[in-house]
Amino acid sequence: MNIQWYPGHMTKAKRAMQEDIKLIDLIIEVVDARIPFSSRNPDIDELGKNKARLILLNKSDLASETWNDAWAAWFKSQGFHVVKINSKSGVGLKQINGVVQEACKAKIERDRKRGILNRPVRAMVVGIPNVGKSTFINAFAGKACAKTGNKPGVTKGNQWIRLNKSLELLDTPGILWPRFENQEVGLRLAFIGSINDEILNKEELAAELLKFMGERYLETLKERYDVEPGDPYEMLGQIARARACLLKGNEYDYKKAANLFLDDYRNGRLGRMTLEFPPQEEKADEATER
Ligand SMILES: Nc1nc2c(ncn2[C@@H]2O[C@H](COP(=O)(O)OP(=O)(O)OP(=O)(O)O)[C@@H](O)[C@H]2O)c(=O)[nH]1
Ligand SMILES: [Mg+2]
């Protein structure tokens, strides 16, 4: 399966971000803790050069805690400020104000020297589609200011949200990049729901996720769907059987089983599952957490 999704609205959104970057002190990059590498848009480094940087490991409730910590340590070692959060429950949000002040220390000091008092930090919240940028902003603001939804492409344009006297946030539409250098990246983005489902073959996608999980998280599959390791399409058939996804004549409904399985994964019903690991530590641990 060759995955590519770069609709026109993303080109426009990127241009709008390039315009607004002049006003910005800090880039807050929201990534999905299940795929912290693949959910980073390489264009953001270019866009954000010379800006203070903060990475939010969001949806940390859907990824393994051990790996969340390993990723946080890795990003720190690369010079980023990092906070792991769950925007749905609010876990982790309290730390953010302090980290923002720390990340913007140089700017605050510069302002002070010029006699500018209390100019708010302006932060642009960026990331690929569906990682939870708008949910984070709402949770952090304590009220629903930005539209959210469990599909990619919900936010359509840039929107300023004045949080308080010391911080203003700019919500932006999720953007991808024109060509995935590696198809594994495209697949993982599709697994977590950052690619428009309408352009995907869901059965093939489910088979790919089953292939991966069969290697790393087989116990989970056995427990939930009574699946035996083997050919991914056979495994999908076993899910159809376990979940009574049947067509007329009792044939397996692979499409329905694929949708059900992907939906279970995306919503964390299979437990906390990290899909990629920081460099060096790839082989170190096989742990799953439920
Ligand atoms: N489990 C879990 N779900 C989350 C979390 N944060 C956001 N979500 C869900 O993820 C989905 C996408 O959230 P949005 O805030 O609309 O994502 P976005 O990044 O603004 O997406 P676009 O505007 O489309 O780019 C929603 O269904 C949220 O409820 C989290 O920390 N944990
Ligand atoms: Mg949004």
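Descriptive notes on the structure:
- The residues of the range 165-180 that are touching a Pro at 6+ places or on another chain (Cβ under 8 Å), more than 16 Å from ligand 1 (Cβ to nearest atom) and not basic (K, R), listed by number, are S166, L167, E168.
- Test for E184: is it outside any loop (DSSP other than H, G, I, E, B) and either free of Cβ contacts under 8 Å to residues at least 60 places away in the same chain or among the β-branched types (V, I, T) (or both): no
- Residue within the range 129-147 that is part of a helix (DSSP H, G or I) and within 30 Å of P229 (Cβ to Cβ) present: no
- All positions within the range 102-139 that are more than 16 Å from ligand 1 (Cβ to nearest atom) and within 18 Å of the chain's Cα centre (by Cα): none
- Yes/no for G153 being closer than 15 Å to I28 by Cβ, part of a loop (DSSP other than H, G, I, E, B), within 8 Å of ligand 1 (Cβ to nearest atom) and not acidic (D, E): no
- Of note, A123 satisfies the criterion of being more than 21 Å from H9 (Cα to Cα), away from ligand 2 (no atom under 14 Å from the Cβ) and either of a type outside the set (D, E, K, R) or in a strand (DSSP E or B) (or both).
- When V30, V91, V99 are checked against the criterion of being surrounded by fewer than 17 Cβ atoms within 10 Å (Cβ to Cβ), under 22 Å from K147 (Cα atoms), in contact (Cβ under 8 Å) with a residue 24 or more places away in the chain and within 21 Å of the chain's Cα centre (by Cα), V91 stands alone in meeting it.
- Residue within the range 74-91 that is charged (D, E, K, R), away from ligand 2 (no atom under 16 Å from the Cβ) and out of contact with any strand residue (DSSP E or B) (no Cβ under 7 Å at 6 or more places or on another chain) present: no
Read the figures in this text as sums done on the coordinates, not as results from a lab. The structure presented is a predicted model; accordingly, all values stated were derived computationally and were not measured. Don't worry about glycine lacking a Cβ; one is built from the backbone with ideal geometry, like all the others, and counts go over all protein chains shown.
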